[in-house]
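*Asks:* Below is the structure I would like to discuss, written out as structure tokens.
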Amino acid sequence: MTHKVAVLVGSLRKGSFNRMIANTLVEVAPKTLEFDFIEIGDLPLYNPDLDEDDTRPAAWSRFRTDMAAHDAVLFVTPEYNRTLPASIKNALDVGSRPYGASIWDKKPSAIVTGSMGGVGGFGANHNLRQALVFLNAAPMQQPEAYIPAIHELFNDDGTIKKDDTKKFFASIMEQFGIWIDKLA
Ligand SMILES: Cc1cc2nc3c(=O)[nH]c(=O)nc-3n(C[C@H](O)[C@H](O)[C@H](O)COP(=O)(O)O)c2cc1C
């Protein structure tokens, strides 16, 4: 059975290593998973006052519609100041409303965090997990994926240097495929 997976990348910068990680995860994933990158950099900051039919930003509606059309979500994000980048937090907030129509409810999800430091975005990973649990999404527990020293993983053309890293990424995606299948 095939599943549609939305990929959200928390870094907005052009040369993002997390986006390279996301590209590699997609490349090594089981063929039963179909991926779409859903961009979140253009989402206005969530403001409940604007969430009415005549004032709602088009980007919020577009994001909610896109996410509702996907069976699962893969988050790949850096850690900013030991927590989530605002881009991801804002996407969570936008998707969680209007009240009762959250696009996160029962959504199988996987979290991969990457940082230049040695801790691999542990803080961001678990802050995201905390929000997803509250939102009644279904974040995969194992394998955990905290990727350290991300600036050392890739060649200049964005391909990954080590086979071992690629194998680890493939194992994450294999388990994610099984997780989605179980919850489908
Ligand atoms: C605002 C900001 C805050 C950061 N805070 C952290 C942090 O808390 N922990 C960490 O390991 N790296 C931190 N970094 C460094 C990131 O790991 C590094 O910039 C990484 O390359 C970002 O991912 P990207 O290449 O996908 O953009 C921070 C970077 C920025 C721009």
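*Asks:* Being out of contact with any His (no Cβ under 6 Å at 6 or more places or on another chain), touching a residue at least 24 places away in the same chain (Cβ under 8 Å), at negative phi and surrounded by fewer than 19 Cβ atoms within 10 Å (Cβ to Cβ) narrows it down to one of 95, 158, 118, so name that one.
*Replies:* Matching residue, one of 95, 158, 118: 118.
*Asks:* I'd like the full set of residues that are aliphatic (A, V, I, L, M) and surrounded by 13 or more Cβ atoms within 10 Å (Cβ to Cβ), limited to the range 17-53.
*Replies:* 20, 21, 22, 25, 26, 28, 29, 33, 38, 40, 43, 50
*Asks:* So the check is Cβ under 7 Å with 6+ separation or different chains; which pairs have a first residue in the range 8-31 that's farther than 20 Å from residue 90 by Cα and of a type in the set (Ser, Thr, Tyr) and a second one that's in a strand (DSSP E or B) and more than 9 Å from the ligand (Cβ to nearest atom)?
*Replies:* These pairs meet every condition: 24/160.
*Asks:* If residue 113 passes every condition in (1) part of a helix (DSSP H, G or I); (2) within 16 Å of the ligand (Cβ to nearest atom); (3) surrounded by 15 or more Cβ atoms within 10 Å (Cβ to Cβ) but one, which one does it miss?
*Replies:* So residue 113 meets the others, but not (1).
*Asks:* Residue check, residue 151 against (1) under 15 Å from the mean Cα position of the chain (by Cα); (2) not in a loop (DSSP other than H, G, I, E, B), all met but one. Which one?
*Replies:* Result: residue 151 fails condition (1) only.
Readers should treat all values here as calculations from the given coordinates under stated rules, not as data from a laboratory. What you are looking at is a predicted structure, and each value in this text was computed from that prediction instead of being measured. Every residue, glycine as well, gets a Cβ built from its backbone with ideal geometry; the counts of neighbours run over all protein chains shown.
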